[in-house]
Amino acid sequence: MIVYATGFDAITGSFDRIDIRGEGGVNLSEKWRAALETFLGIMVAGFPNMAMCIGPHTALGNIPRSAEYNVLWVTNLIRYMRQHDYTYDAPRQEAVEEWTNFVVKAGEGLLSNDS
């Protein structure tokens, strides 16, 4: 298991500094240039077994508190996978689209989204 402590650079900055490759060699930065999509802000379609504790679409506000919930979710996922002898996890594209649409809709009208 590899754990990266990427520091703070809002939204995708810290992830853009690492050459993260998914299925078929797809680069995460390039994928997100086309469309910033996640599942729960934790997973990305096409990037199996990758989990981000504070990725895009997680939380604005009390980040340490949000990180705690995300770490717990990822920990439970890993525990479940080990208990059931699963070695591969990846979100379905439909789930990614549903979550991303939810985040966009929930953010409408917020000051943090005004440009």
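The values are calculated or read from the model by the stated rules, or taken from the named source; none is laboratory data. Keep in mind it's a predicted model, so treat the numbers as computed, not measured. Virtual Cβ from ideal backbone geometry, glycine too; neighbours counted across all protein chains shown.
Within the range 90-102, the presence of a residue that is surrounded by fewer than 17 Cβ atoms within 10 Å (Cβ to Cβ) and within 22 Å of S14 (Cβ to Cβ) is excluded.
Of G46, G55, G41, all but one fail to be of a type outside the set (D, E), in contact with a Ser or Thr (Cβ under 8 Å, 6 or more places away or on another chain) and at positive phi; the exception is G41.
Please specify each residue of the range 78-89 satisfying the condition of being loosely packed, with under 10 Cβ neighbours inside 10 Å and within 17 Å of I42 (Cβ to Cβ). Result: Y88, single match.
Among residues of the range 20-39 being modelled with pLDDT under 90 and assigned to a loop (DSSP other than H, G, I, E, B), the one that is surrounded by the most Cβ atoms within 10 Å (Cβ to Cβ) is L36.
Evaluating A67 against the criteria (1) of a type in the set (A, V, I, L, M); (2) in a loop (DSSP other than H, G, I, E, B); (3) surrounded by 14 or more Cβ atoms within 10 Å (Cβ to Cβ) leaves one unmet condition, (2). One residue is enough: does the range 4-19 have a residue meeting the conditions under 20 Å from R92 (Cα atoms), surrounded by 12 or more Cβ atoms within 10 Å (Cβ to Cβ) and either more than 11 Å from the chain's Cα centre (by Cα) or at pLDDT 85 or above (or both)? No, the range 4-19 contains no residue that is under 20 Å from R92 (Cα atoms), surrounded by 12 or more Cβ atoms within 10 Å (Cβ to Cβ) and either more than 11 Å from the chain's Cα centre (by Cα) or at pLDDT 85 or above (or both).
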